[in-house]
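Chemist: This structure is in structure tokens; I'll ask about it shortly.
The values are calculated or read from the model by the stated rules, or taken from the named source; none is laboratory data. These numbers come from a predicted model, not from an experiment. In this analysis, Cβ positions are derived from the backbone assuming ideal geometry, glycine residues included, and neighbour counts consider all displayed protein chains.
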Amino acid sequence: MFVGLGIVAAIAVVFLWYVSTQNRLVALRENVAQAWSNIDVLLKQRHDELQKLVDTCRQYMKYEQETFDKVLQARASIFGARSASDPAALGKAETELRGQLGKLFALAEGYPELKANTTFLHLQQRISGLETGISDRRELYNAAVNANNVAIDQFPGNIIAGIGGFKSAKLLEFDAASTADVDIKALFNT
């Protein structure tokens, strides 16, 4: 009788452990998805603001079409990486966009009317704020990915992860040039 109760108790403990681990892995996976979604919202907002910035600059900078095209191409690359939920492609596209924005703002230095335009100044501040937000959200996303990946790789969670088909997530990594905030104001005050 005690042996039977011992077996039932052991099975109950294993079952509870399995359910608990499964639920924890699901919660961690959903945290990663939510963190990605938070980044995605800011990227979409910046995507929209960049078009407005280019349109505003075009009114003043008549001979800079190549620069505008490169900014818009980088913007499109970010949109593609967002749509594919591809952190590696997003990191590469972010690097390109930051480089092209730096060139655009450096060129704008030669257009005093543009620098005094209130729409341009508003967009400059808005994009700078979005850059800070993206950086903050990237940090939260990478923390969620790290917690998820550790839980999936550690024993005994790796057993449940294998059974449940849980996959490791990819960190969102930018190269060194793109991790520094674009100081738009400094570009105009040089």
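Chemist: Looking at the stretch 55-92, which of its residues are touching a helix residue (DSSP H, G or I) at 6+ places or on another chain (Cβ under 9 Å) and among the hydroxyl-bearing types (Ser, Thr, Tyr)?
Modeler: Thr56, Tyr60, Thr67, Ser77, Ser85
Chemist: In this structure, does Ile78 turn out to be aliphatic (A, V, I, L, M), in contact with an Asp or Glu (Cβ under 7 Å, 6 or more places away or on another chain), assigned to a helix (DSSP H, G or I) and surrounded by 14 or more Cβ atoms within 10 Å (Cβ to Cβ)? Talk me through it step by step, then tell me what you get.
Modeler: Details: aliphatic (A, V, I, L, M): yes; in contact with an Asp or Glu (Cβ under 7 Å, 6 or more places away or on another chain): yes; assigned to a helix (DSSP H, G or I): yes; surrounded by 14 or more Cβ atoms within 10 Å (Cβ to Cβ): yes.
Yes, satisfied.
Chemist: Pick out the one residue from Ala84, Ala143, Ala147 that is under 30 Å from Lys70 (Cβ atoms) and surrounded by fewer than 17 Cβ atoms within 10 Å (Cβ to Cβ).
Modeler: On inspection, the qualifying residue turns out to be Ala84.
Chemist: Can you name the residue in the stretch 1-51 that is basic (Lys, Arg) and surrounded by fewer than 17 Cβ atoms within 10 Å (Cβ to Cβ) and, of all such residues, is farthest from the chain's Cα centre (by Cα)?
Modeler: The residue in question is Arg24.
Chemist: Which number in (1) outside any helix (DSSP H, G or I); (2) within 11 Å of the chain's Cα centre (by Cα) marks the one condition that Lys62 misses?
Modeler: Unmet for Lys62, out of (1) outside any helix (DSSP H, G or I); (2) within 11 Å of the chain's Cα centre (by Cα): (2).
Chemist: Now a separate question. Go through (1) at pLDDT 85 or above; (2) farther than 23 Å from Gly133 by Cα; (3) in contact with a Lys or Arg (Cβ under 7 Å, 6 or more places away or on another chain); (4) not charged (D, E, K, R) one by one and return the number of the condition Ser20 breaks.
Modeler: Condition (3) is where Ser20 drops out.
Chemist: Another one. Give the residue, chosen from Ile160, Ile134, that is of a type in the set (Val, Ile, Thr), surrounded by 19 or more Cβ atoms within 10 Å (Cβ to Cβ) and more than 30 Å from Asp48 (Cα to Cα).
Modeler: Checking each option against the conditions leaves just Ile160.
Chemist: Could we say that Asp153 is on the phi < 0 side of the Ramachandran plot, at pLDDT 85 or above and out of contact with any strand residue (DSSP E or B) (no Cβ under 8 Å at 6 or more places or on another chain) here? Let's see the steps before the verdict.
Modeler: Numbers: on the phi < 0 side of the Ramachandran plot: yes; at pLDDT 85 or above: yes; out of contact with any strand residue (DSSP E or B) (no Cβ under 8 Å at 6 or more places or on another chain): yes.
It is true that Asp153 is on the phi < 0 side of the Ramachandran plot, at pLDDT 85 or above and out of contact with any strand residue (DSSP E or B) (no Cβ under 8 Å at 6 or more places or on another chain).
Chemist: Here is a follow-up. If you check every pair at least six apart or on different chains, which have Cβ atoms under 6 Å apart with a residue in the stretch 85-103 that is farther than 19 Å from Ile127 by Cα and hydrophobic (A, V, I, L, M, F, W, C) first and a residue that is surrounded by 16 or more Cβ atoms within 10 Å (Cβ to Cβ) and modelled with pLDDT of 85 or more second?
Modeler: The qualifying pairs are Ala89/Ala81.
Chemist: A further question follows. Val182 passes all but one of (1) in a loop (DSSP other than H, G, I, E, B); (2) in contact with an Asp or Glu (Cβ under 7 Å, 6 or more places away or on another chain); (3) modelled with pLDDT of 85 or more; which number fails?
Modeler: That leaves (3) as the condition not met.
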